[in-house]
Amino acid sequence: MHKFLLVLSFLSVCLCSIYGQQDSLAIQYDKAEIERFEIHEDDLSTYRNDSKYNYEEKSKTVDEGSNFLDEIWQWIIKQISRFFEWIVGVDAAPHYISYFLKFIPYILLGILLFLIVWWVLKINIRNQKKAEKNWNTVNLTEEENIIKNKNIDLLIQEALDSQNYRLAVRYYYLLILKLLGEKEFIDWEPHKTNSDYLYEIEKPALKTPFAEITRSYDYIWYGDFTIDEIKYKKVAIAFDSLKNTLRKNA
């Protein structure tokens, strides 16, 4: 009995609710009298001449200030947008693009500084190489040309024939250096000193006589020591001995 009354009450509420909705949704007509308002051409002209009511979007043309650089910049921005859309997606791209555009001046400044530093270093290296080349041409070409290209035995003989014994000692020393280099006892290079060659020679049988002729050569050539035929023959004994030793080791 109680269940029946509960169901009946529920049905009554639902019916009342439906009836109320139908009543509220009933169509109501507006019976007020319509007042006609006429618009004349003079009224429209006022608004047509007012720029605030001009909603037409004019496209830029070349005559209105667009130029080639603007088109390039717009193309660059478009490519950057596509790149960020590809990386982070279309929705997040504008956020990253705004940050990127803020840092563009700093990026360009960094590239400019890098190019300046690179250019300065390149110029300095080029000038240094040029200076070294000029130094070698002025100071070392003669000695290098003699060792590599000349018949030093013939040069020694020509110096002796002209009684230039000091020059003959110089040629003789260059001949010894050439033989040591050919036998690979030293690694001859224009920048090396006589002490460098003495350090490179490992065999005592060669190291001792080379040290002896080096002392004589430094004293005669660099000390501007005057030498005659008798003194040359004494000095030549050590040169001849070392030359013969090197040529026997062929």
> Tell me, which residue of segment 126-144 that is open to solvent by less than 90 Å² (accessible area, probe 1.4 Å) and modelled with pLDDT under 75 is farthest from LEU179 (Cα to Cα)?
Replying inline: ASN127
> Among the residues of segment 167-216, which ones are over 49 Å from the mean Cα position of the chain (by Cα), closer than 24 Å to LYS231 by Cβ and either in contact (Cβ under 8 Å) with a residue 40 or more places away in the chain or open to solvent by 50 Å² or more (accessible area, probe 1.4 Å) (or both)?
Replying inline: ALA168, VAL169, TYR172, THR208, GLU212, ILE213, ARG215, SER216
>> Being more than 10 Å from LEU174 (Cβ to Cβ) and surrounded by fewer than 18 Cβ atoms within 10 Å (Cβ to Cβ) is the filter here; which residues of segment 145-159 pass it?
In response: ASN145, LYS148, ASN149, ASN151, ASP153, LEU154, GLN157, GLU158
> With VAL120, VAL90 as the choices, which residue is modelled with pLDDT of 70 or more and either exposed (fewer than 11 other Cβ atoms within 10 Å of the Cβ) or more than 30 Å from TRP188 (Cβ to Cβ) (or both)?
Replying inline: VAL120
>> With the requirement that a residue be open to solvent by 60 Å² or more (accessible area, probe 1.4 Å), among the basic types (Lys, Arg) and in contact (Cβ under 8 Å) with a residue 60 or more places away in the chain, what does segment 237-250 give you?
In response: ARG247
> Residues in segment 220-236: is at least one in contact with a helix residue (DSSP H, G or I) (Cβ under 9 Å, 6 or more places away or on another chain), within 14 Å of LEU175 (Cβ to Cβ), in contact (Cβ under 8 Å) with a residue 40 or more places away in the chain and not aromatic (Phe, Trp, Tyr)?
Replying inline: yes
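The values are calculated or read from the model by the stated rules, or taken from the named source; none is laboratory data. Keep in mind it's a predicted model, so treat the numbers as computed, not measured. Glycine also receives a Cβ, built like all others from the backbone with ideal geometry; neighbour counts cover every protein chain displayed. Accessible surface is based on the protein model in full, side chains and every heavy atom, while ligands, DNA and RNA are left aside. Shrake-Rupley method; radii C 1.70, N 1.55, O 1.52, S 1.80 Å.
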